Structure formats: structure tokens, C-alpha cells
Amino acid sequence: MAVIVALGAFLMTLAGGWTAQRVTDRRHLVLGLAGGLTLGVVGLDLLPEALHAAGDEIFGVPLALLLFVAGFLVAHVVERLLAVRQAAHGAEDGVRVPQVGLTAAAAMVGHSLADGVALGAAFQIGGGMGVAVALAVITHDFADGFNTYTLTSLYGNDRRKALMMLFADAVAPVVGAASTLLFTLPEEPLGAYLGFFGGALLYLAAAEILPEAHHKHPALSTLMCTVGGVAGIWLVVGIAE
């Protein structure tokens, strides 16, 4: 059942990526929406789930929050190191590094793989839990597909690479769900991963996607797309609960 449901996530991910590439003439709106969706996924879905699953504290701070900050810092350090390396090879200052986009998209694929594993683990617990997690995974995978294509292309990667990463992101939840037929997943490692990934994703939204959205088009419509993206994820989370 988990694998069958994951096929729905596969289709929703492709639908999100298709939407992102079809509205290139309104790129600022696409990026504004992607930033809102990313912020919503991190703040309203990933981080609460991470805090719930990885409940241990280290020196008075929940492990999930420490990993959240670590993910943010790692994303920042990686981007800066790649930018310095690019500059050392003669690239102009401010030029976006394609490898950063591919790394970010690969992180999205890893997140989708974890979605599939979480889906399979939920069905191991029971049918009711499985249905609730399935609703959350399928609905927010539209945002995952949308963001995977947008992140890859934002950093200057060509359409072929963006589509390749989109397809990998779509297949990942199916692979993750199928893998749970072979083992039972502990809750704590999954929560730790979600905290770390949430921090990295927040960095990309705050430092790259949203500034790019408003750089040439500081319009109210772009801002409303961002707010709408957050509200959409809130609605999805509320329905899933």
C-alpha cells in the first residue's frame, strides 16, 4: 500500500516541476511562490516533525534545533566555498555557481527519499497513521517538485539537468517507501535528518530564492505569491492533521 501511495507522490512531484517550467515568463512570481512554499515546508512541516521525533536535548537545546542551525551554516559555508573556488578560476563576482543548485536539488531528492521512508514506516504503525502521512506527503510533493526544478535552474543549470533532478525527486519517495519492506526505521534518526535539512533549505529560501525574486521585480504580486505559498503549506499541514 505504501508503494502504491508513493506513486501518487511521484505524479505530484512531476506536476510541480512541470508547473515551474511552464511559467518562465513570470519568473519573479515563480521564485516568490517557491520561496513561500520553501518557508512553509520548513517552518510548518519539517521543523515541527523534527522536534517531535528527535526530542533529546544537548546542553539545554533540542537536538533538532541544533541540527537545524547546523544545516543552515553548512549550506552557507558550502555556497561560499564554491563561490570562492569559482572566483579563483576567473568567474565574475556574484555569478551563481551551478553546483550549488545541483547540491540543493540533491538535498531535495534526499528529502523526498525520507518522505517515502516515513510513508512506509507510517503504514508499519497502522492504516490510519499511513493515510495521514500519505496525505501530507502527496500534497507537499507538488511543492518539492516545484522547488527542485526552480533551485536547479536558478543557479544556471540547463533544462536537461533540471529535468533530470526533477525525475530523481519524483522517483525518490517510491524508492523510499519500497525500502521499508526490508527494515523498520527508528524515529530519532529521521527527526535528526529533518532538522538538518530544514536549516539548509531555509538558507536557500532566505539567501537566494527570495532575494532573486525581488531583485528585478519588487512588486506586490511577488510578495503575495510568497505569502500565498506559506498559506498553502499551512492549509496542507492543517488538512493532513
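Remarks
- Looking at ALA83, ALA106, just one residue is assigned to a helix (DSSP H, G or I), modelled with pLDDT of 80 or more, open to solvent by less than 70 Å² (accessible area, probe 1.4 Å) and of a type in the set (A, V, I, L, M), and that residue is ALA106.
- Residue match in the stretch 54-67 (condition: free of Cβ contacts under 8 Å to residues at least 12 places away in the same chain and either assigned to a helix (DSSP H, G or I) or touching a strand residue (DSSP E or B) at 6+ places or on another chain (Cβ under 8 Å) (or both)): no
- The condition of being out of contact with any strand residue (DSSP E or B) (no Cβ under 9 Å at 6 or more places or on another chain) and either modelled with pLDDT under 80 or open to solvent by less than 50 Å² (accessible area, probe 1.4 Å) (or both) holds for only one of ASP141, ASP158, that being ASP141.
The values are calculated or read from the model by the stated rules, or taken from the named source; none is laboratory data. Because the structure is a prediction, the values reported are computed rather than measured. Quick reminder, even Gly has a Cβ in these numbers, built from the backbone with ideal geometry, and neighbours come from all protein chains shown. Side chains included, ligands, DNA and RNA excluded: accessible areas come from the protein's heavy atoms. Shrake-Rupley method; radii C 1.70, N 1.55, O 1.52, S 1.80 Å.
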